[in-house]
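In what follows, a structure is listed as structure tokens, so that the remarks can point back to it.
Every number in this text was worked out from the coordinates using simple rules, so none of it is lab data. None of these values were measured; they are calculated from a predicted model. Note: ideal-geometry Cβ built from the backbone for every residue, glycine included; neighbour counts use all protein chains shown.
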Amino acid sequence: MENSNIMLDLRDIHKSFFIGTPNEFEVLHGVNFSVNKGEFVSIVGQSGSGKSTLMNIIGALDRPTAGEYTLDGIDIEKAKDHELSILRNKKIGFVFQTYNLIARTNALKNVELPMMYAGMGRSERTERAKMLLEQVGMTDRMMHNPDELSGGQKQRVAIARAMANDPAIILADEPTGALDSATGRLIMDIFHRLHEEQGKTIVLITHSPELSLETERIITLKDGSIIGQSEGTWNKNAKEVG
Amino acid sequence: MLFTENILVALAGLKANIMRSLLTMLGIIIGIASVIAIMTVGNSITLIVNTTMQDLGANNLEMGVVQRSIDEEQTDTGTSYGAGYVREMTDDDLISPEMVEAFRKEYPDDLKYIIMQEQIGTYADQGKVTEGNKNANVKIMGYNSDYFQFKDIKLIDGRKFLNRDFRDAKKVCLVTDKLVERIYDGDNDAAIGQEIEVNLNGSYYKYHIVGVYEYVQDQFSFGVSDNPVTELVIPYETARNENHKQNKGYEYFTLVTSVNTDNDTFATTVRDYFNVNFYSQNDAYEIAVISMASMMDSMNTMINMIQLALSVIAGISLVVGGIGVMNIMLVSITERTKEIGTRKALGATNGSIRLQFITESVVICLIGGIIGIVCGCGLGMLAVKLMGYDAVISVSSIVIAVGFSMAIGIFFGYYPANKAAKLNPIDALRYE
């Protein structure tokens, strides 16, 4: 049953929040799914469906109340806080809707940041950051601070930063949510390229069914439960051949 | 590695809010500056006092006749002298020349010299030598022969005093080259042999100049004056005659001990010797002996205490400054909650977040501290210069100040940094 091809595996994940005793509010009611290595999966749901909570759990920012979660073979619920930090650093690349670049820090330094936390040497990480920025077409703006970059440019820097430590998965939370459709398209193209050319495992969280269609598999979340999984339309044939 | 990054981030943060950073640092700057200024002034004064006292003879003992102290033994047996009981000092209470001779014979090894001095008039009195339109300020000091053996007076011309000058209380004097310069146009030969007349409080004193010695500027004199008060030196016995003290005993004098003598012990020995042999029958007076070394010690202790007390008061402003730093750190952390969340998502551990904010707080305090050191040194040097001395900047106080400002940074930065470190990444990320 255990498959070495599985990147993340969620089994019967429950998540409750205390909203003052004795009330307990369950957001996720036993979520089950797994993502294979190299898969491009989207989790789609309306606001209030629990997708943010699920993203936090997948991103090792939060622990499930009950259930099992394995990421690249590592048992998340058994990990200590600082182990979770290291895990986020090495295994997960976050891309946020609001970019979340560090202010007053240029694009290059922003991309270097996860490598710095990983303890990589200065010259090595600068070199790698430059390479990553080149991949997203940001070489000429890498010395600019976030407030000098457009939304699309910021998101490209954010993607480069997510790739910094060559993570097991890229977790993108509404990455095009704050961008106009043309720029959004550009960002999605970068994801596709990472997926196709580098075989990255990508989990895209979105409220937009339209966007989710672009992925290989769509997991639909409603009221804290998975109500369906369907295949996306993206490059299905090419994948099968591969 | 993470450390230099943190410093760069901290500096960028400071630059982004220059006004805020400066105001925050102000407390630290004022605190450190006042501590350094106080230390500089204090150290300079200590050094001046010490060198002066060293010049006076740190190994000397001062002895003199003092009012008998009320010691416990006497009060217990009921033979105490009532508080405030004072009998006028009479000639019988003074130390007689016979006592001094007996004393010299008793301790030939420990006792090198007994220095006696007598000034004409009182300590503050200034005499004036006038010659046509030329004049010079002097004070007339009488010294005994031991003084000239102990103190190395640099004779430029003429002769020193002879035994008969002391014995017969001759009206002879030694003057400084400074006086010769003012009165005799620097011609020593013209000066020697001349009779000089000094007007002191309306009385005239006349002496024959027998020698000229080199003038050494007093440590305590303010700046360089071209008409300083110089010493016109006469034999001790001559001065005693002028003050109408001939054939009387001595009230106080200075003992110079030999190098190997332990002064504190010897002080007790001398006191006991005099009090047992000569003063046991005296109802009101006795002999007290103090060593210059212990006087210097207590003086230094006193200066240090004052310095410490002032520094502590100045230190309070440092604490206030520290609280200001803490306050601004809390503000900064609230402002940057989202950044903290992002850093955590990117893999920053609690430890590295804590380190980042402690570094920021230390950088603020350190920059404040350095500005404070510069201001403090400036202020201290200015104050010492205004008092007319050379400033001594204490390196140790600078090292302490740097260390202290770092400590303040760590101490007052720890709580906000820890608060930042413990932020829940989800809440921090969601913070708007």
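With R₀ set to 51 Å, the beta-carbon distance separating residue B:217 from residue B:98 gives a calculated FRET efficiency near 0.80. Taking the fewest neighbouring Cβ atoms within 10 Å as the starting point, the ordered list for A:186, A:194 is A:186, A:194.
Here the range B:187-207 is scanned for amide nitrogen atoms under 13 Å from the site 7 Å beyond the Cα of residue B:128 along Cα-to-Cβ, giving B:198-203. Listed by Cβ neighbour count within 10 Å, with the fewest neighbours leading, B:261, B:122 appear as B:122, B:261. Tally Lys/Arg at +1 and Asp/Glu at -1 over every other residue whose Cβ is under 9 Å from the Cβ of residue B:141; what's the total? My count for the surroundings of residue B:141 gives -1.
What order do you get for B:365, B:173 when you list them from fewest to most C-beta neighbours inside 10 Å?
Numbers: B:365 32, B:173 28.
If I rank by nearby Cβ atoms, fewest first, I get B:173, B:365.
Summary: within chain B, the longest segment free of trypsin sites (Lys or Arg not before Pro) located in DSSP loops with at most 14 other C-beta atoms within 10 Å is B:249-421.
Taking springs between alpha-carbon atoms closer than 10 angstrom, which of A:123, A:208, A:47 fluctuates most in the Gaussian network model of chain A? Top of the fluctuation ranking is A:123.
Between residue B:19 and residue A:229, the modelled label-to-label distance comes to 5.8 nm, taking each label 7 Å out from Cα in the direction of the beta carbon. Using a Gaussian network model of chain B in which every pair of alpha carbons under 10 angstrom is joined by a spring, one finds that among B:263, B:241, B:144 the greatest mean-square fluctuation is at B:241. The eigenvalues of the Cα gyration tensor, multiplied by 5 and square-rooted, give the range B:118-242 an equivalent ellipsoid with semi-axes of 20, 16, 16 Å from largest to smallest.
For an R0 of 25 angstrom, estimate the FRET efficiency from the Cβ-Cβ distance between residue A:192 and residue A:126 and round to the nearest 0.05. So, using R0 = 25 Å, E works out to roughly 0.35. Mind checking the log10 I(q)/I(0) for the protein assembly as shown at q = 0.05, 0.06, 0.08 Å⁻¹? Debye, one equal scatterer per Cα, no solvent, two decimals. For the protein assembly as shown at q = 0.05, 0.06, 0.08 Å⁻¹, log10 I(q)/I(0) is -0.52, -0.61, -0.74.
Dividing the summed helix terms, -39500 (n - 2.57) for each DSSP H run of n ≥ 4, by the number of residues in chain B produces a 222 nm estimate of -18500 deg cm²/dmol to the nearest 500. The orientation-averaged projection of the convex hull spanning the C-alpha atoms of chain B amounts to 32.5 square nanometres.
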